[in-house]
2 protein chains.
Amino acid sequence: MREDGPAALDWVADYLERVRELPVLARVAPGEARTSLPAQPPECGVPFAEVLQDLEEKLLPGVTHWQSPRFFAYFANTGSEPAILAEMLAAGLDQVGILWRTSPALQELEDVTTTWLAELLGLPPGWHGQLEQGASQATLAALAAARESRPGFVLASEQAHSSVDRACKLLGLELRKIPVDGEFRLRPDALDLDGASAVVATVGTTSTTSVDPVAEIAEACSRAGVWLHVDAAYAGCAVVCPELRWAFDGIEGADSLVVNPHKWLLVTQGCSAFWTRRPEALRAAFSVVPEYLRTTDEVVSHSEYGVELGRGFRALKLWTVLRCYGREGLQEVIRRGIRLAELFEAWVRDEPGWELCAPRPFSVVCFRLEGSDEENQALLARVNASGKVFLSGTTLDGRFVLRLAVGNARTEEEDVRLAWDVLREEARC
Amino acid sequence: MREDGPAALDWVADYLERVRELPVLARVAPGEARTSLPAQPPECGVPFAEVLQDLEEKLLPGVTHWQSPRFFAYFANTGSEPAILAEMLAAGLDQVGILWRTSPALQELEDVTTTWLAELLGLPPGWHGQLEQGASQATLAALAAARESRPGFVLASEQAHSSVDRACKLLGLELRKIPVDGEFRLRPDALDLDGASAVVATVGTTSTTSVDPVAEIAEACSRAGVWLHVDAAYAGCAVVCPELRWAFDGIEGADSLVVNPHKWLLVTQGCSAFWTRRPEALRAAFSVVPEYLRTTDEVVSHSEYGVELGRGFRALKLWTVLRCYGREGLQEVIRRGIRLAELFEAWVRDEPGWELCAPRPFSVVCFRLEGSDEENQALLARVNASGKVFLSGTTLDGRFVLRLAVGNARTEEEDVRLAWDVLREEARC
């Protein structure tokens, strides 16, 4: 630690300083990273310095730089410095949260951080919160609990995330897709809850970040006794800003909710906050306590509320970020992201030959070049191949559309400007 | 990073130097860690130094020290120094493996490390390997694939891990428990495969580390067209030693296999190696590719073979450990663990008033004081309350039994000796 640690630390610090200049999307061909390494495992150990050297020379070319301020694809994120250091601290402690007693600090810091985050997001007090690896796991847990409470089919809008499809497939539940309105929001008038087990409402859909009308859906679910799970993996982060609280209108009627601090709240990968006001239903769906895990502890372990048995100390990175940024620091990150997306949106709106394709409630702009799908796809491929910026695409109303997602906290106006310049330049080719 | 990093690094190095002397099992009461922290989230950010200070003063008392060489409960593990630094490097890069293109290095390093590990364990070449967060997720994926190939019930021994129960509950599959022989191994003569979807065989059961007869089970499964999943989460690590290859006899007949490098191969929490020779069945069970994730890449993403959509760069820590220890270094850790367990086993065998309760194929000793269950439970509680060592218990043939699990690579003979001294001393009280 004392010998090799400083070099590792320097490598990370250097990386963060130079990442803006690196080609954002990895330029390797399939198999290139793999074949740069020996086919056979090492017989003897080597000094850590060799690992660092191979990371730099052999692996880095195969890295797509999520940490780049010029990463605008999917939902851009940020591994902040406090979170990076917290990951090292957590690794040093190497906690395994199986039962409360195997790490009281881990379990109770999950309680503290999810309570803090609930307060920052204006959630009703008293919900049970815990941290999962990702929203896929949280949504799976929520739908398993819903099925346990009341079997039936699942409803979600046709813009809901693929993790809903996957969870339903796994749980053997039929998923019925509900049409959306002109702004890609679930149409509550199309909800037929007779025979339903659960509805998944999305606050911030993946393609356009549209917000389903949670209040209206919650009321219908409550009347029908149907579980309401709210997937706010991305946009829930934005609700730390009071001016964006509207996105959680009616949230008190939800049975469960997922928000990913690893998306837009500066936490490194693997930290999804999951709340429920019906923890007993989760426990009924998951609890299995074998002989070798029986204790006299009077605390229910978080592992009884999900798929995972031994959980990592994710709470440490979330706690560190909440401490080091505070409510104000997080609000600033969200507001800057939104402001940059607004700028970009205005540039597209004002430019002949380009069109906006969806409303922009947060920091994602959906747009396209007036022309064919093929032209837009080719444009996206050229832009990404330039290495200067990285964007992704989606399909809306049957048309291929480009997406620019601001989410990296290190993104400046010059980076968004570069994206626009590269797009216009490549569009002229 | 440059300012606060060195302090964080020092904290971890200091922690590892003093962890042997800390009370192994946390001594806090439920709620103590939680109430030591403010109920409200911070409004403004604070310097990272305050986080370190609170970690030391408020959280550390609530930590159960998995890193202690005197941790002998469950399956003891080790977060090695190379793995800890690799976690920081991975956090610095903050990769999100959704599709191959979102991190070719991540996906291909999963290929490389699972291929290397397969070679170290003597697995047949060509299996598809990837890294999951834990064995629970891997077993869930395996059984989902089995169900996809052929619906039916699942069979496992009554000594199988609770994650099998949980996966079956989630997948809506009936689980039939098969009786074990006098050495806690699944009895193949009791296997009735008619109507079965899958069998889970365990190499190293949680209570006693018994090894199910994989070769015999595989042959029966192959004849009947039933999926065989092998759960070798703990003991599979030991198979890096050629003298322990017997535990994988017949493994070539398995359809899937899970081994946890985070258990006994020096990797920090959250690294489970999962192989299958039938990846197409996994893909059929899990693949959902929405519009916003379609690409022209000709590589199947690892996310199509499991529950998780965005995976972390787990491969970096496994790769770092394999590089820094090599085959020899890993073998040495396994052999030392087994030798220490052998020593302890001999001490128990030779001591009047104590008895061994199961064979010891690896590094876990099951034993008890001759007397009632209550006496043994009280003894365990006193030993753990001493803070000097931490052991766990289980139930075998209806009797409460103590378990001493050697698995921390920093454990020395003096630590095992201390455990034995404390046990005998507390037994006299």
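Throughout, read-outs are computed from the coordinates displayed, never taken from laboratory work. Remember, predicted model here, so these are calculated numbers, not experimental data. Neighbour counts run over all protein chains shown; Cβ positions are idealised from the backbone, glycine included.
Once you put a point 7 Å from the Cα of B:ALA346 and another 7 Å from the Cα of B:ARG428, both along the Cβ direction, what distance in nm separates them?
2.3
Taking 0.36 nm per intervening residue step and subtracting the Cα-Cα distance, what contour gain separates B:ASP397 from B:GLU252 on full extension?
49.0 nm
Using a 7 Å offset from the Cα along the Cα-to-Cβ direction at both B:ARG277 and A:ARG277, what is the distance between the two label points in nm, to one decimal?
5.3
Quick one: what are the phi-derived ³J(HN,Hα) couplings along region B:147-153, Karplus 6.51/-1.76/1.60 with θ = phi - 60°, whole Hz, x for glycine and proline?
Karplus-based 3J(HN,Hα) across region B:147-153 equals 4, 5, 6, 6, x, x, 8 Hz.
If you build the Cα gyration tensor of region B:327-427 and take the root of 5 times each eigenvalue, what three semi-axes come out, in whole angstrom, biggest first? Walk me through the numbers before you get to the answer.
Values: eigenvalues 110, 43, 28 Å².
Working through the eigenvalues yields semi-axes of 23, 15, 12 Å.
Please find, in a Gaussian network model of chain A (springs between Cα atoms separated by less than 10 Å), the residue of A:TRP116, A:TRP275, A:TRP264 whose mean-square fluctuation is greatest.
A:TRP116
Given a cut-off of under 8 Å on Cα pairs at least six residues apart, what relative contact order in percent is computed for region B:1-146?
With pairs under 8 Å counted, the relative contact order is 19 percent.
Determine the percent antiparallel among the DSSP beta bridges restricted to the protein assembly as shown, to the nearest 5.
Details: 48 of 83 bridges.
So the antiparallel bridges amount to about 60 percent of the total.
Give the residue list of chymotrypsin sites (Phe, Trp or Tyr not before Pro) in region A:191-252 that are DSSP loop and have at most 16 other beta-carbon atoms within 10 angstrom. Don't skip to the end; give the middle numbers.
On the way: sites: A:TRP227, A:TYR234, A:TRP246, A:PHE248; in loops: A:TYR234.
Loop-located and lightly packed - none at all.
With just the Cα atoms defining each centre, how far is region A:160-233 from region B:135-175? Give it in Å.
28
Using the Kirkwood radius over Cα pairs, work out the Stokes-Einstein diffusion coefficient for region A:84-322 at 25 °C and 0.890 mPa s, in µm²/s as a whole number.
On the way: Rh = 17.9 Å.
Translational diffusion coefficient: 137 µm²/s.
What do you get when you divide the Cα radius of gyration of region A:132-211 by 2.2 N^0.38 Å, with N the number of residues? Numbers along the way, then the final one.
Details: Rg = 12.1 Å, N = 80, 2.2 N^0.38 = 11.6 Å.
Dividing the Cα Rg of region A:132-211 by 2.2 N^0.38 Å gives 1.04.
Take every DSSP beta bridge with both residues inside chain B and express the antiparallel ones as a percent of the total, to the nearest 5.
On the way: 24 of 41 bridges.
For chain B, the DSSP antiparallel bridge percentage is about 60.
What are the GluC sites (Glu not before Pro) within region A:233-307 that DSSP puts in a loop, where the Cβ has at most 16 other Cβ atoms within 10 Å?
On the way: sites: A:GLU243, A:GLU252, A:GLU280, A:GLU291, A:GLU298, A:GLU304; in loops: A:GLU298.
Taking region A:233-307 and a limit of 16 other Cβ atoms within 10 Å, the loop GluC sites (Glu not before Pro) found are A:GLU298.
Below 8 Å between Cα atoms, with a sequence gap of 6+, how large is the relative contact order for region B:327-427 in percent? Spell out each step's value before the answer.
Values: 129 pairs, mean separation 27.9, N = 101.
Reported as a whole number, the value is 28 percent.
In square nanometres and to one decimal, what's the mean projected area of the convex hull around the Cα atoms of region B:239-297?
Working: hull surface 26.2 nm².
Reported value for the Cα convex hull: 6.5 nm².
Test of the criteria: in region A:48-95, which GluC sites (Glu not before Pro) are in a DSSP loop and have at most 14 other Cβ atoms within 10 angstrom of their Cβ? Intermediate values should be presented prior to the final figure.
On the way: sites: A:GLU50, A:GLU56, A:GLU57, A:GLU87; in loops: none.
Filter output for region A:48-95: empty list.
In chain A, with Lys and Arg counted as +1 and Asp and Glu as -1 at Cβ, which of these residues, A:ALA405, A:VAL333, A:SER287, has the Cα nearest the positive end of the dipole, that is, farthest along it?
Positive-most Cα among the choices belongs to A:SER287.
What is the gain in length, in nm to one decimal, between A:GLU414 and A:ARG382 on full extension, counting 0.36 nm per residue of separation less the C-alpha to C-alpha distance? Present the calculation step by step, with values, prior to reporting the outcome.
On the way: separation 32, 0.36 × 32 = 11.52 nm, distance 2.02 nm.
Difference between extended and current length: 9.5 nm.
From the helices alone, meaning DSSP H stretches of at least four residues, give me the mean residue ellipticity at 222 nm for chain B, per-run term -39500 (n - 2.57), in deg cm²/dmol to the nearest 500. Write down the numbers at each step before the final one.
Numbers: 13 runs with 168 residues, N = 429.
Helix contribution divided over all residues of chain B: -12500 deg cm²/dmol.
With the dipole of region A:272-429 worked out from charges on the C-beta (+1 for Lys and Arg, -1 for Asp and Glu) around the Cα centre, which of A:THR395, A:GLY306, A:ALA358 lies farthest toward the positive end?
A:GLY306
In sequence order, what are the phi-derived ³J(HN,Hα) couplings for region A:178-188 according to the Karplus relation 6.51 cos²θ - 1.76 cosθ + 1.60 with θ = phi - 60°, rounded to whole Hz, with x for glycine and proline?
Using θ = phi - 60°, the values come out as 9, x, 10, 7, x, 10, 6, 9, 3, 8, x Hz.
Percent relative contact order of region A:84-322, based on C-alpha pairs within less than 8 angstrom and at least six residues apart? Could the numbers behind the result be given before it?
Values: 479 pairs, mean separation 67.9, N = 239.
In percent, rounded to a whole number, it is 28.
When the Karplus curve 6.51 cos²θ - 1.76 cosθ + 1.60 is applied with θ = phi - 60°, which whole-Hz ³J(HN,Hα) does each residue of region A:241-256 get, with x for Gly and Pro?
8, x, 5, 10, 4, 3, 5, 9, 3, x, 4, 4, x, 6, 8, 7
With +1 assigned to the C-beta of every Lys and Arg and -1 to the C-beta of every Asp and Glu, and no other charges, what is the dipole magnitude of the protein assembly as shown about the Cα centre in debye, to the nearest 20? Could the numbers behind the result be given before it?
Working: 84 positive and 124 negative charges, 136 e Å.
The dipole magnitude comes to about 660 debye.
Given H placed on each backbone N at 1.01 Å, which residues far from A:VAL63 in sequence or on other chains put an amide H within less than 5 Å of it?
B:ALA105
From Cα coordinates alone, what are the radius of gyration and Dmax values for the protein assembly as shown in angstrom?
Both quantities, over Cα of the protein assembly as shown: 26.1, 91 Å.
Can you flag which of A:LYS169/A:LYS263; A:LYS169/B:LYS177; B:LYS169/B:LYS317 are past 29 Å Cα-Cα? Don't skip to the answer; put the middle values down first.
Values: A:LYS169/A:LYS263 25 Å; A:LYS169/B:LYS177 26 Å; B:LYS169/B:LYS317 32 Å.
Exceeds cut-off: B:LYS169/B:LYS317.
Measure out, as a whole number of angstrom, how far apart the alpha-carbon centroids of region A:107-133 and region A:375-415 sit.
Region A:107-133 and region A:375-415 have Cα centres separated by 34 Å.
Using Stokes-Einstein with the Kirkwood hydrodynamic radius over Cα pairs, what translational diffusion coefficient do you get for chain A at 37 °C and a viscosity of 0.692 mPa s, in µm²/s rounded to a whole number?
Values: Rh = 23.0 Å.
So the translational diffusion coefficient is about 143 µm²/s.
Compute the FRET efficiency between B:THR295 and B:GLU375 as 1/(1 + (r/R0)^6), taking r as their Cβ-Cβ distance and R0 = 56 Å, and round to the nearest 0.05. Could you put the intermediate results ahead of the total?
On the way: r = 63 Å, r/R0 = 1.13.
Computed FRET efficiency for B:THR295 and B:GLU375 comes out at 0.30.
Just which residue of chain A brings its Cβ nearest the axis of rotation onto chain B, and by how many angstrom, rounded whole?
A:MET88, 2
Report, in debye and to the nearest 20, how large the dipole of region A:333-428 comes out about its Cα centre when Lys and Arg carry +1 and Asp and Glu carry -1 on their Cβ. Provide the component values of the computation, followed by the final result.
Numbers: 14 positive and 17 negative charges, 77 e Å.
So the magnitude is around 380 debye.
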